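K.L.:
Below are the C-alpha cells for one structure; questions will follow.
The values are calculated or read from the model by the stated rules, or taken from the named source; none is laboratory data. Model, not experiment: these values are computed from the prediction. FYI the Cβ positions are ideal-geometry reconstructions off the backbone, even for glycines, and counts take in every protein chain you see.
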C-alpha cells in the first residue's frame, strides 16, 4: 500500500487540532458558566441571609416584654446587650410562660435578668455562692425553675450542709457559647463574689456568637454561604 498523500495528513492534523480546540473552548465556557452560577448562588444566599438577619434583629428589638403570667415567644424574653461579646440577655422582671424552641417554659427573672429569685449584690456573711455559666441546658428549657440542675444543686447543698447558706446564681441564656459565658462572668457574674463557678459545656460552645448583629457578615470572604447551605442539607437526614 502506498503512503497517504501529504495534503491528506495535514488536513487530518488540522481537523484534529480544531476538534481539540473546540473541546477546550467548550470546557472553558462550561467552567466560566459554572463559576458564574455558583457566584450567583453565593450572592443570592448572602442577600437572603442579610435579609433574615435584619428581620430577626428587628423582631427582637421591637418585641415587648410579656405581661406577668402571660404566654410569650422567646424574642419577647430577651434583649440586646451593650457588650457585643455577650450580644443578648434575658429581660429582668419576667414572670410568665415563654416558648423556648417550642417548649413552654415558666420563666421568672430577677432584677439582674438571671433566672431565679431576687438576691443582693453584696454577699451576706456565711453564704457560699455558686455562679452558673451556660446555655439552654443549664437554663433549663421546658423545666420549671426548681427543676433545673442548678436549682436542685442549691437545694441539695442546703439540705446536706445546713451550717452554711448556699446560693446559686443562674446566668445561663439559651444559645450562649463560651465567649458569651466568659464575658458574662467578667461583666456580671463576678459582682456576686462567687466562691465557685460552674460552666456548662456543650457542642455549640465552639460555634459563633448567637444573636450577634454582625452587619459585615455577608461581606466576609472567609466563609461561603453556599458551602454552609450544602453542608446543612447534607447533615439534615442525620438529624431526623
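K.L.:
If you go through segment 125-137, how many residues are in a loop (DSSP other than H, G, I, E, B) and closer than 14 Å to residue 198 by Cα? Walk me through how you get there before you give the answer.
P.N.:
Filtering segment 125-137 down to residues in a loop (DSSP other than H, G, I, E, B) leaves 125-126, 134-135.
This time we only want the ones that are closer than 14 Å to residue 198 by Cα, so: 134-135.
Residues in segment 125-137 being in a loop (DSSP other than H, G, I, E, B) and closer than 14 Å to residue 198 by Cα: 2 in total.
K.L.:
Pick from 69, 116: which is touching a helix residue (DSSP H, G or I) at 6+ places or on another chain (Cβ under 9 Å) and on the phi > 0 side of the Ramachandran plot?
P.N.:
Working: 69 fails: touching a helix residue (DSSP H, G or I) at 6+ places or on another chain (Cβ under 9 Å).
Of the residues listed, the single one that is touching a helix residue (DSSP H, G or I) at 6+ places or on another chain (Cβ under 9 Å) and on the phi > 0 side of the Ramachandran plot is 116.
K.L.:
Return a yes/no flag: does segment 186-208 have any residue that is modelled with pLDDT under 95, more than 16 Å from residue 85 (Cβ to Cβ) and crowded, with 20+ Cβ neighbours inside 10 Å.
P.N.:
Among the residues of segment 186-208, not one is modelled with pLDDT under 95, more than 16 Å from residue 85 (Cβ to Cβ) and crowded, with 20+ Cβ neighbours inside 10 Å, which makes the answer no.
The rows are residues; the columns are (1) part of a loop (DSSP other than H, G, I, E, B); (2) out of contact with any strand residue (DSSP E or B) (no Cβ under 6 Å at 6 or more places or on another chain); (3) over 21 Å from residue 202 (Cβ atoms).
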{"position": "86", "(1), (2), (3)": "yes, yes, no"}
{"position": "107", "(1), (2), (3)": "no, no, no"}
{"position": "118", "(1), (2), (3)": "yes, yes, yes"}
{"position": "123", "(1), (2), (3)": "yes, no, yes"}
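K.L.:
Please work out if residue 100 is buried (at least 16 other Cβ atoms within 10 Å of the Cβ) and modelled with pLDDT under 85.
P.N.:
Numbers: buried (at least 16 other Cβ atoms within 10 Å of the Cβ): yes; modelled with pLDDT under 85: yes.
It is true that residue 100 is buried (at least 16 other Cβ atoms within 10 Å of the Cβ) and modelled with pLDDT under 85.
K.L.:
Mind counting the residues in segment 138-157 that are part of a helix (DSSP H, G or I) and surrounded by 15 or more Cβ atoms within 10 Å (Cβ to Cβ)?
P.N.:
Residues of segment 138-157 that are part of a helix (DSSP H, G or I), as a first pass: 138-139, 145-147, 149-157.
With surrounded by 15 or more Cβ atoms within 10 Å (Cβ to Cβ) added as a condition, the list becomes 138-139, 145, 149-151, 153-154, 157.
Qualifying residue count, segment 138-157: 9.
K.L.:
Do the conditions hold for residue 179, that is, is it within 18 Å of residue 77 (Cα to Cα) and in a helix (DSSP H, G or I)? Explain how you work it out, then say what you get.
P.N.:
Details: within 18 Å of residue 77 (Cα to Cα): no; in a helix (DSSP H, G or I): yes.
Considered against the rule, which asks whether it is within 18 Å of residue 77 (Cα to Cα) and in a helix (DSSP H, G or I), residue 179 comes out as no.
K.L.:
Any residue that is under 31 Å from the mean Cα position of the chain (by Cα), under 23 Å from residue 183 (Cβ atoms), surrounded by fewer than 18 Cβ atoms within 10 Å (Cβ to Cβ) and at pLDDT below 95 - is there at least one of those in segment 126-137? So that I can check it myself, show each step before the final result.
P.N.:
From segment 126-137, those under 31 Å from the mean Cα position of the chain (by Cα) are 129-137; that's our starting set.
Now restrict to residues that are under 23 Å from residue 183 (Cβ atoms): 129-137.
Remaining after also requiring surrounded by fewer than 18 Cβ atoms within 10 Å (Cβ to Cβ): 137.
Add one more test, that the residue is at pLDDT below 95, and what stays is 137.
So far as segment 126-137 goes, yes, one or more of its residues are under 31 Å from the mean Cα position of the chain (by Cα), under 23 Å from residue 183 (Cβ atoms), surrounded by fewer than 18 Cβ atoms within 10 Å (Cβ to Cβ) and at pLDDT below 95.
K.L.:
If you go through segment 154-164 one residue at a time, do you hit one that is in contact (Cβ under 8 Å) with a residue 60 or more places away in the chain and touching a helix residue (DSSP H, G or I) at 6+ places or on another chain (Cβ under 9 Å)? Even if it seems obvious, please write down each step before you answer.
P.N.:
Step one: filter segment 154-164 for residues in contact (Cβ under 8 Å) with a residue 60 or more places away in the chain, giving none.
No: zero hits.
K.L.:
Which numbered condition trips up residue 166, out of (1) modelled with pLDDT of 95 or more; (2) under 23 Å from residue 91 (Cα atoms)?
P.N.:
(2)
K.L.:
For segment 75-86, enumerate the residues that are buried (at least 19 other Cβ atoms within 10 Å of the Cβ) and out of contact with any helix residue (DSSP H, G or I) (no Cβ under 6 Å at 6 or more places or on another chain).
P.N.:
Selection gives 76, 77, 78, 81.
K.L.:
Can you tell me which residue is surrounded by the fewest Cβ atoms within 10 Å (Cβ to Cβ) among those in segment 87-97 that are under 24 Å from residue 178 (Cα atoms) and in contact with a helix residue (DSSP H, G or I) (Cβ under 9 Å, 6 or more places away or on another chain)?
P.N.:
The initial filter retains those residues of segment 87-97 that are under 24 Å from residue 178 (Cα atoms), namely 87-92.
Checking which are in contact with a helix residue (DSSP H, G or I) (Cβ under 9 Å, 6 or more places away or on another chain) leaves us with 87-91.
On the way: 87: 22, 88: 23, 89: 25, 90: 24, 91: 17.
It comes out as 91.
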